[in-house]
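One structure is given here, and the rest of the page talks about it.
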Amino acid sequence: MKASTSPYIRLKPPQWNVFTSEARFRILIAGRRFGKSYLSLVELCQAAWSPGRLAWYVAPTYKQAKRVAWKPLKQMTRPYWAGKPNETDLRIELTTGGTICLRGADNYDSLRGDGLDFLILDEYASIAREAWPEVLRPALADKMGRALFIGTPRGYNHFYDLFHAAQDKAGWATFQFTTEEGGNVSREELESATHELDERTYRQEFQASFENLTAGLVYYAFDRNKNVEPLRYKPELPLFWSLDFNINPMCSVIGQRQGDRVYILDELALPDSNTWTACEAFLERIGSWGRLSPHSTQIHIYGDATGQGRHTVSSRTDWQMVREFFNRYPYSVSFRVPSSNPPVKDRVNCVNAMLRNQAGERRLGLDPGCKQLILDFERVHWKNDLNGNILTDIDKSDPMRSHVSDALGYMIAYEFGMRGKFGELPGWAR
């Protein structure tokens, strides 16, 4: 089962460099789809190959450990099972006398007790800082166990601190590889990703670069001189209306989509308003353009998914009121509202990618009349905690800020959401 002898194990050169390092503690920073999970399984099997040895794979949560590693680990070790794997404890006993266990660090105090020969900490940036020094490092002490930290950067957090501190420590080795260097994702897929992701997110996810995605301005990709231009309604294209159901102000944006580009023609920021009034204001605004035919104009409506379960002025939900309102008019209306909102960070990343992506394209234009949206893009910041640390929540202390950009974000995330996994080339190292 050792990688050096088994015909079933194939490591690519960057993975092999990590695998053959004799350092007791190793840190691997790598881009998405580099092959980190596959390398982890090979490392676990190697570490647990001798009698009495115990190797752990620790993910940020138990569910994540099971989802990422359990099925492929069983497939890789099946010929060497000493008995049926324990599906509850996520434990596999090998015929060689070793044991492999999967664990979650969401309750890291529960990991105390076992002495370990080998430990993998996967996506270490998402594991609590205290888990390593307080619980997992002591577990390696009596057996002089080894550890491998792996993951993609997540800003300048404890993973960043550990990575840079390790470069000057005896017994430690660090490795940093891009997705392309991993050889599992085609150049065509990487090129595609440059058009879907903003610059900082692309560098973090695919170039394994430490990026401070949560620092300062939320919409850092916005440039008033390059994203703002006079825009006019194009009768040959459908309209869209995207809403945020904040009451004061109640905000929405009106725009059009042409291919992969989005143009924001106008905005509504109504003080102390309600859903019905917002609908009336929308029809009044588009009616003032004077070139719309209700029978031929298509309107796509987007917005806050929480409007399915809340209301602003009555027992009906916000979306029920919007639907009832448009049932009175002959417009061709379609509702594009998901069952739940995407995470705030994902929504923001999608908007930044439209403002300017890794390929340098700006696919989101605003009319100069969208004054509140422009102010949002220039002034909305991330929230800080009491110690000054930047959080992943938007600072909403200013009641006028963030609502118009939230409204736009719902439409952008619905139509231009990130695809998630990027296709891999065929081969052993997944």
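Tabulated data for the structure shown
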{"quantity": "Residue selected from region 42-81 under the condition in contact (Cβ under 8 Å) with a residue 24 or more places away in the chain, open to solvent by 20 Å² or more (accessible area, probe 1.4 Å) and under 23 Å from the mean Cα position of the chain (by Cα), by the criterion farthest from Arg103 (Cα to Cα)", "calculated": "Val68"}
{"quantity": "Residue ranges of strands (runs of 3 or more DSSP E) in region 35-153 with at least 1 members small (Gly, Ala, Ser) and over 24 Å from Phe210 (Cα atoms)", "calculated": "54-59, 99-104"}
{"quantity": "Every residue from region 380-401 that is of a type outside the set (Val, Ile, Thr), touching a residue at least 60 places away in the same chain (Cβ under 8 Å) and closer than 25 Å to Arg154 by Cα", "calculated": "His381, Trp382, Leu391"}
{"quantity": "Single residue of region 339-348 satisfying the filter (part of a helix (DSSP H, G or I) and under 18 Å from Val404 (Cβ atoms)) that is most open to solvent (accessible area, probe 1.4 Å)", "calculated": "Val344"}
{"quantity": "Unique match (being surrounded by fewer than 14 Cβ atoms within 10 Å (Cβ to Cβ) and at pLDDT below 90) among Arg310, Arg316, Arg328", "calculated": "Arg310"}
{"quantity": "Tally of residues being assigned to a loop (DSSP other than H, G, I, E, B), in contact with a strand residue (DSSP E or B) (Cβ under 7 Å, 6 or more places away or on another chain), open to solvent by 10 Å² or more (accessible area, probe 1.4 Å) and closer than 29 Å to Arg285 by Cβ across region 360-394", "calculated": "4"}
{"quantity": "Residue match in region 158-165 (condition: assigned to a loop (DSSP other than H, G, I, E, B) and farther than 18 Å from Phe206 by Cα)", "calculated": "no"}
{"quantity": "Within region 140-175, tally of residues that are closer than 26 Å to Trp70 by Cβ and open to solvent by less than 10 Å² (accessible area, probe 1.4 Å)", "calculated": "10"}
{"quantity": "Residues (over 11 Å from Val322 (Cα atoms), open to solvent by 20 Å² or more (accessible area, probe 1.4 Å) and among the acidic types (Asp, Glu)) located in region 274-307", "calculated": "Glu284"}
{"quantity": "Of all residues making up region 201-237, the number that are of a type in the set (Phe, Trp, Tyr), at pLDDT 85 or above and outside any loop (DSSP other than H, G, I, E, B)", "calculated": "0"}
{"quantity": "Inter-residue pairs, beta-carbon under 9 Å, first closer than 17 Å to Gly216 by Cα and in region 194-206, second of a type in the set (Gly, Ala, Ser) and in a helix (DSSP H, G or I), 6+ apart", "calculated": "Asp198/Ala353; Glu199/Ala353; Thr201/Ala353"}
{"quantity": "Filter pass, Ala353 being under 30 Å from Tyr220 (Cβ atoms), of a type in the set (Gly, Ala, Ser), more than 16 Å from the chain's Cα centre (by Cα) and surrounded by 14 or more Cβ atoms within 10 Å (Cβ to Cβ)", "calculated": "no"}
{"quantity": "Lone unmet requirement of (1) open to solvent by 30 Å² or more (accessible area, probe 1.4 Å); (2) touching a Leu at 6+ places or on another chain (Cβ under 6 Å); (3) not hydroxyl-bearing (Ser, Thr, Tyr) for Val404", "calculated": "(1)"}
{"quantity": "Matching residues, region 312-353, being small (Gly, Ala, Ser) and touching an Asp or Glu at 6+ places or on another chain (Cβ under 9 Å)", "calculated": "Ala353"}
{"quantity": "Matching option when the condition is under 23 Å from Arg26 (Cβ atoms) and modelled with pLDDT of 95 or more, among Arg91, Arg129, Arg137", "calculated": "Arg137"}
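The values are calculated or read from the model by the stated rules, or taken from the named source; none is laboratory data. Bear in mind the structure is a predicted one, so any value in this text is a computation, not a measurement. Neighbour counts are summed over all protein chains in view; Cβ atoms, including those assigned to glycine, are modelled from backbone coordinates with ideal geometry. Note: accessible area is taken over every heavy atom of the protein model, side chains too, but ligands, DNA and RNA are not part of it. Shrake-Rupley method; radii C 1.70, N 1.55, O 1.52, S 1.80 Å.
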